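Quick notes on the structure that follows.
Nothing in this text is a laboratory measurement; each read-out follows from the coordinates by a stated rule. All values reported here derive from a predicted model rather than from experimental measurement. Positions of Cβ are backbone-derived with ideal geometry, glycine not excepted, and every protein chain shown enters the neighbour counts.
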Ligand code: SIN
Ligand code: MN
């Protein structure tokens, strides 16, 4: 994990292909299983009561959640327990791709089964929208759609594979993005199939 520059930049989003090698991907899956034991995956709903198709949990001081009260960061899982710490391996990944940023305080873990998707959205619930967002793909391939910072307009899509890392920073920090579909069975990393996306962010105010 020492490649300073992305392999490609699409609409300002840096993409590192296969930055996390297969052995480290397996170690990360074990780390994330431990996170999910302490903070079980949730089936979140939007403010309007619509269930998301992804399941979610978090690690770090702040976890992103959505429920009938809307989108926000919370210091605790809805069970009342504090979120578990962000695994060291993920902190090292962050430092490798955004060495100038302060450490992340939030690690969102999304699980996609083959039917799950995520609509186009911006990441904009963080206190300091100048801090980068680092996103890691594990497991099945995902079709990642990128729009613009403004709403509407043309989009472009690319496949993300297990071990790929995407960084939303600078002029692309607030770009619209989403996941159109998962290519079920494209990876054997997760025994039951599916995809995990890990999103590392600086969510809270500057410390
Ligand atoms: C997200 O934007 O929250 C997830 C993106 C992804 O699954 O790659
Ligand atoms: Mn997002």
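Shape annotation for the stretch 1-131: C-alpha extents along the principal axes are 41, 32, 32 Å, from largest to smallest. In this structure, residue 207 and residue 154 have a Cβ-Cβ separation that, at R0 = 35 Å, corresponds to a calculated FRET efficiency of about 0.35.
Per residue, how much space in cubic angstrom lies within the convex hull of the C-alpha atoms of the stretch 51-195?
Normalising the Cα hull of the stretch 51-195 by residue number yields 127 Å³.
Once the C-beta distance of residue 122 and residue 27 is scaled by a Förster radius of 41 Å, the resulting FRET efficiency is 0.85 to the nearest 0.05.
Per residue, the convex hull spanned by the alpha carbons of the stretch 22-99 comes to 109 Å³.
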